[in-house]
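Please treat every number below as a calculation from the coordinates, not as lab data. What you see is a predicted model, and the numbers here were worked out from it, not measured in a lab. All Cβ positions, glycine included, derive from the backbone under ideal geometry; neighbour counts span all protein chains shown.
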Amino acid sequence: MDLALVNGRVMTDLGPMEGLAVGLRDGRIRFVGPEADLPQAMVRHDLEGADLLPGFIDTQVNGGGGVLFNDQPTTDGIAAIGAAHRRFGTTGFLPTLITDHLEVVDAGMKAAAAGMSARLPGLLGIHLEGPFLNPARRGVHDAARLQQLDPKLLPLLTGMIDGRTLITLAPETVSTAMLQALSARGVRVCAGHTDATYEATKEALANGVTGFTHLFNAMSPLGSRAPGVVGAALESESAWCGIIVDGRHVSPVTLKLALKCHPHSRFMLVTDAMPCVGASGADFWLQGRRISVSDGVCMDEAGTLAGSALDMASAVRNAMTMLGLDLTTASRMASLNPASFLGLDHDLGRIAPGYRANLVAVDRDLRVLHTWIEGQGQTHSPDLNQGA
């Protein structure tokens, strides 16, 4: 059925605009223009003044709806996580495996591939955060499950055909040849949980690394005489930087300074979300350790951060209230920028004819009212407690 979204403020390439209608057909955006120019046969959906934004894309989603991907590396697990995050505006995501045994990695890769074939709503591929990390910067990742990246693992890590594969690794623990091999096979490689020097990070950027996972967290910091991973990331004009904007992982002041050093178009909002997002319960278990959730913070018994309780709608809201960004910029960091990072900006991240009809309607408080994934709509309750 042809559907027209009317009476809203539409996020265009030039910013939000009044008086536009958006027509959908066969899972694609077919029309953006004055409502008067819409075919009369199209069914109207009244947005009642809401902001219509490109659907949010989250490249780091460990869990949601009470499900941890490591515990349920299945298509059902992925579907449950996607459904939980959809109510917060996420219409595209990478289910993320935290460092684990290779059999779990294998199961997750197969589940993501099967999910892509089955066209699970919102699924774009998979993110492997580990196990090729530096023990010195492992954070909550289980040291016993970390390992070296052996060339024999390339078939396992590069087997995704339809979707995108993102791997977070510590580049100082991986050979240049392996970085080049992963990149040549279409894998997006990000540096994270790394103690690399500035010089080693620059070399990695020249040999396949294209981004940084949760900038500032679990990496060598910017120092007076040792710029570290952070210094290399901010100096680069082309590197992608994922940021967790929850006011807990990184000081808003630090993120404001980063925004002055690096192109806004190269920042991506991510949640690093855990099972508590979209779930009735808060605390959860991570590889035998109890993780407590209090005031939006996930921590193990030692006080180590363990992912977040953040959702994408809240990340966009926080980018505006904590970092002083306007809606246009914050929205792009949650849609067009991650789409570009994944090489999907020809298909996702904009409200323009020909693009997938992945959309989110929000009120002025950034509470999600409706989502569409490939034109299939869903209505959401604007819960006052929505988000973290």
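Annotations for the structure displayed:
- Which listed residue, of THR75, THR99, is in contact (Cβ under 8 Å) with a residue 40 or more places away in the chain, surrounded by 21 or more Cβ atoms within 10 Å (Cβ to Cβ) and among the hydroxyl-bearing types (Ser, Thr, Tyr): THR99
- The range 318-345 - residue that is under 17 Å from PHE88 (Cα atoms) and of a type in the set (Ser, Thr, Tyr) and, of those, surrounded by the most Cβ atoms within 10 Å (Cβ to Cβ): SER335
- Any chance ALA352 is surrounded by 19 or more Cβ atoms within 10 Å (Cβ to Cβ) and of a type in the set (Gly, Ala, Ser): no
- Qualifying position, being in contact with a Lys or Arg (Cβ under 8 Å, 6 or more places away or on another chain) and of a type in the set (S, T, N, Q), among THR74, THR99, THR12, THR91: THR99
- Elements of the type strands (runs of 3 or more DSSP E) sitting completely within the range 40-97 and holding at least 1 residues that are closer than 23 Å to LEU133 by Cβ: these cover 56-61.
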